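Following: one structure in structure tokens, then a few remarks.
The values are calculated or read from the model by the stated rules, or taken from the named source; none is laboratory data. Predicted model, so just to flag it, every value in this text is computed and none were measured. Every residue, glycine among them, receives a Cβ derived from its backbone with ideal geometry; neighbour counts consider all protein chains shown. Just so you know, the surface numbers come from the protein's heavy atoms only, side chains and all, with ligands and any DNA or RNA stripped out. Shrake-Rupley method; radii C 1.70, N 1.55, O 1.52, S 1.80 Å.
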Amino acid sequence: MKLNILASKSPRRKDLLNQIGFKFSIVDSNFKEYHNNDIPPEALAETLAREKALKVAKMYNDNIIIGADTIVTLESKVLGKPRNKKESFEMLRSLSGKSHEVITGVSLIQLNKNIDHTFNKRTFVTLSHISDEEILSYIKKYKPSDKAGSYGIQDGFSLYIEKINGCYFNVMGFPLSTFFKNYKFIFQTF
């Protein structure tokens, strides 16, 4: 029997996969994320997801490894996870009142079967104007340092989401429907 391994420590990805009854274990890849504005955002998200999955796949080559990485882009600039509160504030201030794009790369690897498939999902998000006081209050209460773009659509930041065009779960960090279609197509089972 094959074993699915999620190469991520993201509690949101874990919760989303549990929500759909997907059976898996977690092995943190301990992969050091990086951002490079010279690489197109879709390629960057896919590359990071694949590198996370590949690192774990080398230890568990007969298992199905799932890697994922979410990035936020604003005017072609990649916004990753903030390194501190100041950077978190600057990110949220830059996003305030604008539309941005959330891209999640997902990689499915099973080395002993020569399966190496990576894809991405894009979602457009429009925010209302957020005051500096609201930003500071959000950072203090939700501590979004582990989130791309420094916010979580599923928490108190939802008050500032004017509209989304695309997959809500993608903004949370894992595009469930697209994942399901790709996984089912490649492995013929779920």
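Suppose we keep only residues that are polar (S, T, N, Q) and not in a helix (DSSP H, G or I) within the range 86-104. Which one would you say is least open to solvent (accessible area, probe 1.4 Å)?
For the range 86-104, the residue satisfying everything is 104.
Among the candidates 50, 83, which residue alone is in a helix (DSSP H, G or I), of a type in the set (Lys, Arg) and either touching a Lys or Arg at 6+ places or on another chain (Cβ under 8 Å) or open to solvent by 20 Å² or more (accessible area, probe 1.4 Å) (or both)?
Within the list 50, 83, the selection yields 50.
Among the polar types (S, T, N, Q), in contact with a Leu (Cβ under 8 Å, 6 or more places away or on another chain) and either crowded, with 21+ Cβ neighbours inside 10 Å or assigned to a helix (DSSP H, G or I) (or both): is that true of residue 182 in this structure?
Criteria met by residue 182.
Residue by residue through the range 156-179, note down the ones that are loosely packed, with under 14 Cβ neighbours inside 10 Å and not in a helix (DSSP H, G or I).
162, 163, 165
Are any of the residues in the range 114-134 touching a residue at least 60 places away in the same chain (Cβ under 8 Å), surrounded by 19 or more Cβ atoms within 10 Å (Cβ to Cβ) and over 21 Å from residue 33 (Cα atoms)?
Taking every residue of the range 114-134 in turn, none turns out to be touching a residue at least 60 places away in the same chain (Cβ under 8 Å), surrounded by 19 or more Cβ atoms within 10 Å (Cβ to Cβ) and over 21 Å from residue 33 (Cα atoms).
Per-residue answers, yes or no, for (1) farther than 19 Å from residue 99 by Cα; (2) under 12 Å from the mean Cα position of the chain (by Cα); (3) small (Gly, Ala, Ser):
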{"site": "146", "(1), (2), (3)": "yes, yes, no"}
{"site": "149", "(1), (2), (3)": "no, yes, yes"}
{"site": "157", "(1), (2), (3)": "no, no, no"}
{"site": "160", "(1), (2), (3)": "no, no, no"}
{"site": "164", "(1), (2), (3)": "no, no, no"}
{"site": "169", "(1), (2), (3)": "no, yes, no"}
{"site": "178", "(1), (2), (3)": "yes, no, no"}
{"site": "181", "(1), (2), (3)": "yes, no, no"}
{"site": "184", "(1), (2), (3)": "yes, no, no"}
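Just give me the residues in the range 3-47 being among the polar types (S, T, N, Q), surrounded by 14 or more Cβ atoms within 10 Å (Cβ to Cβ) and in a helix (DSSP H, G or I), in sequence order.
47
Looking only at the range 135-155, count every residue that is over 22 Å from residue 22 (Cα atoms), open to solvent by 30 Å² or more (accessible area, probe 1.4 Å) and not acidic (Asp, Glu) and tell me the total.
Total satisfying the criteria: 7.
With respect to residue 58, is the statement that it is closer than 30 Å to residue 188 by Cα and among the basic types (Lys, Arg) true?
So residue 58 fits the description; yes.
Looking at the range 53-73 only, could you name the residues that are of a type in the set (Ser, Thr, Tyr) and either on the phi > 0 side of the Ramachandran plot or assigned to a strand (DSSP E or B) (or both)?
70, 73
If I filter the range 112-122 for residues that are touching a Pro at 6+ places or on another chain (Cβ under 6 Å) and not in a helix (DSSP H, G or I), do I get at least one hit?
Within the range 112-122, one or more residues are touching a Pro at 6+ places or on another chain (Cβ under 6 Å) and not in a helix (DSSP H, G or I).
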